[in-house]
Structures are given as structure tokens and as C-alpha cells.
Ligand SMILES: Cc1cc2nc3c(=O)[nH]c(=O)nc-3n(C[C@H](O)[C@H](O)[C@H](O)COP(=O)(O)OP(=O)(O)OC[C@H]3O[C@@H](n4cnc5c(N)ncnc54)[C@H](O)[C@@H]3O)c2cc1C
């Protein structure tokens, strides 16, 4: 039985995610009152990346306008599973070997700092976002995975994460070896971004919803941002649209993937108190969230490259898996959403390569965009304010990282990227992105 709720927050999929039952944030900006002012920064996209960036910049005294094609949280932020981690889809052994051990240390420290920054926003702004710290278990189920997991443990310790061997995986699924990352966290992504949006508006920030940006032009050092019959001016632009529009170097370096999530009620009440992850390819991820006194087990997985999909088959496979491993009473929500896998494993955050000056982008978050979207806000704020940032070089979108298999990645991705990006940045298509 699927839950039916009055859908106040819309999402780029036909299936309702568990987060959409939150109250929609009402926006106070009236576009007709915006006048012809030049904004310091126009941020395009109202997910976690755009809203956090807008708030950070407005806090720094910048005059900001955030423009969202539909409603806040319409994109993947409304279809996430909202685990907050200090370990990522690019594992520390991979980062060690592709970028060096100092890079692993920077990324590990950033993960920890971002979780505290999210908690800091929640506390200082009084946002009721269901935040709690949790242990996070990563577990293996055969010899090959165990070997890999032991390498992950060693590199994660060296990188500086709080991690150790564990005698449980927190979910009661048979395992071979398990490690526990401490001080991971979980929260409600839409309640969180709504709270940030309120704070942004309270500081004088402006938000326009239902406004699709179709074009930008650069004239005499000022960007003109075109949306329907309106045009807005800004010194800086941030594309916080999950992937920047059009075909460019970043659409070729990021492959779109889809992941599937079920929110399940259990008959035995045995809801995990932790976050947990197996090591299958694609892997499964588990956690519990409580909404209106009802607990739900969230289980995600069955990821695949966009365009190679049969969503109903993926949902069915995930359901079979959950029923094999948990005492399922009912399935209350099922949804899927899109994410972007960067060719060399790390996100691209900074100036958009090949574009006019002062155009910024944040993309390639893989399944870790709650952390990397928030980190983008930190980095982009520093770049726009001309401040040093220790991660700006490592995560620069202009980096040319020679990676094994790059040519095949680009070839394989070119077609899917073309169709996906071409479709995605067509306003009508935003309505019809399915599942
Ligand atoms: C199923 C799933 C589970 C995940 N789980 C986790 C997790 O547990 N932890 C984690 O850290 N990450 C997770 N992720 C990744 C994370 O959810 C995303 O990386 C993150 O939400 C991206 O946020 P964003 O703000 O960059 O983009 P989005 O949330 O996609 O926001 C982009 C916005 O831009 C708007 N937009 C697009 N084009 C235009 C335009 N031309 N004009 C105006 N507006 C426009 C869209 O409407 C959209 O609202 C998961 C992803 C998936 C798919």
C-alpha cells in the first residue's frame, strides 16, 4: 500500500518521497518588486547546494537572489535519503591512490566539519530538522569485500576519520566483517532547507520559485540572467542545478545515475538505530526515520546509469531484497532520484571552465551531496569573497586528473549525457522526469 498525502512540495518524479509530507515553505519575495537592482550573486537552483550557498553569501553581506525552476527541494534534495557521512562513495584508498594521502585528510576533515556546520545551522536557527548523530556501519559479506574493507579501514584511520572494527553491522543481516564510523548523522532534508530559506529571507535574501532560467548573457562585466519574460542582473552566478546546463566539459565528466529508495514499516519493530551500508555493487544503504510518531526503515539501492533503466524492475528487486532481510509489514513510500558520478571520484566545485568570468558551479557529488552540497557553499562563498580555501584546488572543475578508463567513460557517457542534459534543461521535461 502506497501512502497518499496532499502533495504540497513537488519533486521531479511521479512517486512521492517520504520528505514531501513536510510543510511547504512559503516564499515572501514578489518578483514585481525586485526592480532593476544589480545583485552581487544570483544562485540558480533551490536544493541544498543553492540554498546553503545563498544563505552563506547573504550572511557575508552579499545581496543575493535565488532562482528555482519549481519549488525549493524539487530536485534530488527532495529525493535523497539524507545520511550524513565522513566516508564517501570514492573510498579513502581510492582518494589516496588517485589524489594522494593529503587529499584524503582534507576530504575527511571536510566531512566532519560539514556535519558540524549543518548541526550548527540547525541549532543557531532553531530548525526542527530531525537531526541526530548516529554510528555508521560498513560491512562485507565475502572474502573479497573483507579484503577491500580492511584497506578502507586502514586508509580511513590514516585520513583522520573516527573509525574502528565492529562486532555488529547494526541491521541484523549476515556479515563477514564490519567497521563503525562514529559521529555520522541523519536529518530531514526538506525541513532543513526550508529553515535555511527562512533565515536567508530574514537577512534580506530574495527567492523566486517557479522561475526557470533559460539563458545568461555577459555584458560589460555584468551577467544578465533570463527567466521567462524577466531578466535579472548580477556580478556573479552560481549554477546550483546539480549539473550545469548544456553540453560542456562537466556534463562529459559526470555520469547521471538513478538510485531507488523504499520506506518500510516493520512488523517486529526492529528498526536499526544506526546508518548501515553493505559493499555490493551497487550497494544497499539503511537507516530509520520517524515521522509523526511512525518509524520507517529506509532502504536504498539498485542504482544504475540513467537511460539503462527499468524502474519497476529496480523497485521490485529492492522490495524482494528488503523482504528477504526484514520483517516487512507494509511499504509506505517508494521513490527514485538522480545523482552524478564524477569520472575521477571527487566533486567539481568552483569556476565553470570555459565560461565567462564569475560563473561558478558545483556538481559530481555522487551519493554524498548532502555533505558535498554544503561543502560547495563553503568553497563558493570563499571564492566569491576572494578568500583562500584549502579545498578549492583539489576540487577545481578545471582539474585535469588523468584517470584510467577516462576515454571509455567519456565515450560511454557522451550519449547518455547528451540526452539527459538536453532533456533536463527543457522546462517541460522538468515536469516529466519520471519515478
Ligand atoms: C536516492 C538518493 C539517495 C541519496 N542519499 C544521499 C545521502 O544519504 N547522503 C548524501 O550526502 N547524499 C545523498 N544523495 C545525493 C544528494 O541527495 C544530492 O547530491 C543532493 O541532493 C544534490 O543537491 P543539489 O542542491 O546540488 O541539487 P538538487 O537538489 O537537484 O537541486 C537543483 C535544483 O535546481 C533546479 N533547477 C534546475 N535547472 C534549473 C534552471 N534552469 N533554472 C532554475 N532552477 C533550475 C531544480 O528544479 C532543482 O530544484 C542521494 C541521492 C539519491 C538520488
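For segment 305-335, what are the residues that are over 25 Å from the mean Cα position of the chain (by Cα) and assigned to a strand (DSSP E or B)?
328, 329, 330
Name the single residue, out of those in segment 90-111 being crowded, with 19+ Cβ neighbours inside 10 Å and part of a loop (DSSP other than H, G, I, E, B), that is nearest to the ligand (Cβ to nearest atom).
90
Report whether or not residue 138 is assigned by TED's automatic domain parsing to the domain that holds residue 274 and touching a residue at least 12 places away in the same chain (Cβ under 8 Å).
Yes: the conditions hold for residue 138.
Count, please, the residues in segment 248-275 that happen to be away from the ligand (no atom under 12 Å from the Cβ) and within 24 Å of residue 185 (Cβ to Cβ).
Qualifying residue count for the region: 9.
Taking segment 37-73 as the search range and keeping residues that are touching a strand residue (DSSP E or B) at 6+ places or on another chain (Cβ under 8 Å) and assigned to a helix (DSSP H, G or I), which one is surrounded by the fewest Cβ atoms within 10 Å (Cβ to Cβ)?
Among residues in segment 37-73 that are touching a strand residue (DSSP E or B) at 6+ places or on another chain (Cβ under 8 Å) and assigned to a helix (DSSP H, G or I), the one surrounded by the fewest Cβ atoms within 10 Å (Cβ to Cβ) is 58.
May I ask you to verify whether residue 372 is within 13 Å of the ligand (Cβ to nearest atom), within 24 Å of residue 75 (Cβ to Cβ), in a helix (DSSP H, G or I) and modelled with pLDDT under 95?
So residue 372 fails the test.
Identify, from the list 348, 339, the residue that is within 13 Å of the ligand (Cβ to nearest atom), at pLDDT 95 or above and under 21 Å from residue 16 (Cβ atoms).
339
The values are calculated or read from the model by the stated rules, or taken from the named source; none is laboratory data. Computed from a predicted structure; not experimentally measured. As a convention, Cβ positions derive from the backbone with ideal geometry for all residues, glycine included, and neighbour counts pool all protein chains shown.
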